[in-house]
1. Quick one: in segment 53-85, which of the residues that are of a type in the set (Gly, Ala, Ser) and more than 26 Å from Asn122 (Cα to Cα) is modelled with the highest pLDDT?
2. Just name the residue that is modelled with the lowest pLDDT out of those in segment 5-35 that are assigned to a loop (DSSP other than H, G, I, E, B) and open to solvent by less than 50 Å² (accessible area, probe 1.4 Å).
3. In segment 46-147, which helices (runs of 4 or more DSSP H) lie fully inside it and hold 1 or more residues that are within 18 Å of Thr26 (Cα to Cα) and open to solvent by 60 Å² or more (accessible area, probe 1.4 Å)?
4. Considering segment 36-45 alone, what residues qualify as being exposed (fewer than 10 other Cβ atoms within 10 Å of the Cβ) and not in a loop (DSSP other than H, G, I, E, B)?
5. Which residue is modelled with the lowest pLDDT, if the candidates are limited to segment 118-160 and must be of a type in the set (Ser, Thr, Tyr) and touching a Pro at 6+ places or on another chain (Cβ under 7 Å)?
6. Going through segment 22-64 one residue at a time, which ones are farther than 30 Å from Gly83 by Cα and aromatic (Phe, Trp, Tyr)?
7. Among Val79, Val97, Val71, which is the only one that is touching a strand residue (DSSP E or B) at 6+ places or on another chain (Cβ under 8 Å) and free of Cβ contacts under 8 Å to residues at least 12 places away in the same chain?
Amino acid sequence: SFRIKMVEHFQKTFGNLLSTLCQFDTPEFLYKKGWSEKESFGESLVSQLQNSRRLGVTTTGPHRADLSIKVKSMEARHVQSRGQQKLLAILMRMVQVEIYRSHHGHPPILLFDDPPSELDENARQFVFEYLIQCKAQTFITSISNVSNEIEIYNAVFHVKHGEILHTP
């Protein structure tokens, strides 16, 4: 299916990007299609009909699809620190940027909310170096001062008590 192929492409692109960041264990992305592997979608709808009626929701189908992320055969959310989880999420966004760029010929517009929080110095440096080299128009919100990391950017705005102040 298209979704399975996309997850496989995502995994490959993730591995290529990860080769630049040695400290991170390569995660495994597993696609769960939203119904039993033993049944077709139609069979699953029929077999779950009574349960779905009882609960008042469709309990099987593509809307129940999920992406499981494992590191060393364990759920990433159970074995990684909050900083590692945040870095994993940022790395996943970077993979999406690269896939988008390969399909459209240019990077997307990015919005990052407080990227430096919970990251160690090496991870922060890696993230900001990527944001610079990917050449995407990027909007960053942060509670800490990130002007040193983004000094090549055109504008920094400071918001104080709802008032936007431009910082040259």
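The values are calculated or read from the model by the stated rules, or taken from the named source; none is laboratory data. Note that this is a predicted model, so its numbers are computed, not measured. With ideal geometry, Cβ positions are generated from the backbone for all residues, glycine too; neighbour counts draw on all protein chains shown. What goes into the accessible areas is simple: the full protein's heavy atoms, side chains included, and nothing from ligands, DNA or RNA. Shrake-Rupley method; radii C 1.70, N 1.55, O 1.52, S 1.80 Å.
1. Out of the qualifying residues, it is Gly56.
2. Leu21
3. 76-79, 82-104, 121-133
4. Within segment 36-45, the first condition is being exposed (fewer than 10 other Cβ atoms within 10 Å of the Cβ), and the residues that meet it are 37-38, 42.
Residue satisfying the conditions is Gly42 alone.
5. That would be Ser144.
6. Passing the criteria: Trp35, Phe41.
7. After ruling out the rest, the residue left standing is Val79.
Each row is one residue, and each column tells you yes or no for (1) aliphatic (A, V, I, L, M); (2) out of contact with any Ser or Thr (no Cβ under 6 Å at 6 or more places or on another chain).
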residue	(1), (2)
Ser1	no, yes
Met6	yes, yes
His9	no, yes
Ser19	no, yes
Phe29	no, yes
Glu39	no, yes
Gly42	no, yes
Ser47	no, yes
Ser52	no, no
